[in-house]
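J.: Attaching a single structure in structure tokens format; questions to follow.
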Amino acid sequence: MARSRKVTVSTDAHGHIAGWAQAEPAPPAAPDPSAAAFFDVDNTMMQGASIYWFARGLAARKYFTASDLARFAWQQLRFRLLAREHAGDMSQAKEAALAFVEGWRVEDVERLTEEIFDEIMAPRIWAGTRRLAQRHLDSGERVWLVSAAPVEIGRVIAARLGLTGAIGTVAEMIDGVYTGRLVGDLMHGPAKAEAISALAAVEGLDLSRCAAYSDSANDLPMLSLVGRAVAVNPDTALLRQARRSRWEVRDFRTGRRAVKIAVPSSAAAGLVVGAVTAGVALQRRRRSD
């Protein structure tokens with residue numbers, strides 16, 4: 001688009017006309033209502049795993065112990081490795097995924113998530129990824145987080161970052177209290193792509209005009225669904241695929257920092273089997289209060 005020029009005229013001290021041309025920025029392009037961006041959360045938008053930091057915040061509030069937290073992290077890491085080996089078989093995780101919130105009131109989880117985000121999660125948001133999301137917002141596009149964590153956690157993070165909303169694992173609730181069971185599938189792997197497709201149909205999105213960002217090869221279904229895929233802080237398998245597919249790669253990790261976050265970031269592909277162990281201790285402590 002051609003840039004307009006604004007001519008300003010004035011006179012100098014001798015009364016002679018002095019003029020200059022100043023380029024004006026072109027008017028911004030009209031927002032594309034059919035375009036949107038989808039961001040994975042764990043190690044894409046945030047250093048490490050949101051559910052791990054949530055558990056850390058609960059442990060700090062004495063809802064369960066440090067040893068429970070360590071067991072929780074180790075079992076999540078173990079599950080992530082098994083999920084890759086067995087092509088994302090999530091049946092065992094689905095049965096246990098939200099057991100740790102059984103009996104909790106939804107409003108309490110949301111309140112605690114807000115507190116824990118401000119205390120622990122906010123400093124771990126990747127500034128580079130946040131800027132990528134902001135570019136989409138500045139272009140008038142909607143931006144959703146897509147995470148295996150409970151959708152309530154995703155919504156809090158999205159609200160704090162000024163994003164459109166979140167797609168996440170949905171927990172069954174009755175009268176504002178979690179039952180510990182899932183509604184549908186764990187938001188992981190192919191389930192993310194299915195959820196995005198459903199959202200696109202409702203929102204009138206053209207997926208070929210949309211973008212998706214992730215760090216993990218587990219999200220290849222989501223990345224392959226859109227017109228622009230971006231690997232952010234990619235694991236080895238995703239980096240290989242990104243190079244084969246000529247996808248853009250953004251890596252905000254540096255040296256020792258990348259090593260330091262490896263354990264907590266691998267600790268969750270979402271809510272997994274380890275949640276049961278932590279959940280039992282959490283509920284026991286809560287009920288004894």
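The values are calculated or read from the model by the stated rules, or taken from the named source; none is laboratory data. Keep in mind it's a predicted model, so treat the numbers as computed, not measured. All Cβ positions, glycine included, derive from the backbone under ideal geometry; neighbour counts span all protein chains shown.
J.: Write out, first by first residue and then by second, each pair whose Cβ atoms fall under 7 Å of each other, whose residues are 6+ apart or on separate chains, and whose first residue, in the stretch 139-162, is of a type in the set (Val, Ile, Thr) while the second is part of a helix (DSSP H, G or I) and surrounded by fewer than 19 Cβ atoms within 10 Å (Cβ to Cβ).
T.: VAL143/LEU137; VAL156/GLU110; VAL156/GLU114
J.: Which one of the conditions (1) at pLDDT below 95; (2) not polar (S, T, N, Q); (3) not in a helix (DSSP H, G or I) does PRO264 fail to meet, given that it meets all the rest?
T.: It is condition (3) that PRO264 fails.
J.: Being assigned to a helix (DSSP H, G or I), farther than 25 Å from ALA237 by Cα and at pLDDT 65 or above: is that true of ALA59 here?
T.: In short, yes.
J.: Quick check, is MET222 touching a residue at least 24 places away in the same chain (Cβ under 8 Å) and closer than 20 Å to VAL249 by Cα?
T.: Yes.
J.: Here's another thing I want to ask about it. Failed condition for VAL170, given (1) without any contact (Cβ under 8 Å) to a residue 40 or more places away in the chain; (2) of a type in the set (A, V, I, L, M, F, W, C); (3) closer than 21 Å to ASP251 by Cα, with all others met?
T.: (3)
J.: So which of VAL170, VAL143 ends up being surrounded by fewer than 19 Cβ atoms within 10 Å (Cβ to Cβ) and in contact with a Leu (Cβ under 9 Å, 6 or more places away or on another chain)?
T.: On inspection, the qualifying residue turns out to be VAL170.
J.: Among (1) within 20 Å of VAL109 (Cα to Cα); (2) touching a strand residue (DSSP E or B) at 6+ places or on another chain (Cβ under 6 Å), there is one condition MET173 misses while meeting the rest; what is its number?
T.: Unmet condition: (2).
J.: Take the stretch 135-161 and flag every residue that is in a strand (DSSP E or B) and not small (Gly, Ala, Ser).
T.: ARG142, VAL143, TRP144, LEU145, VAL146, PRO150
J.: OK, next. Looking at (1) surrounded by 18 or more Cβ atoms within 10 Å (Cβ to Cβ); (2) closer than 24 Å to ARG142 by Cα; (3) at pLDDT 95 or above; (4) touching a Ser or Thr at 6+ places or on another chain (Cβ under 9 Å), which one does ASP206 not meet, given that it meets all the others?
T.: (1)
J.: Next up: Could you run through the stretch 173-216 and say how many residues are closer than 27 Å to ASP32 by Cβ and among the charged types (D, E, K, R)?
T.: Number satisfying all stated conditions: 6.
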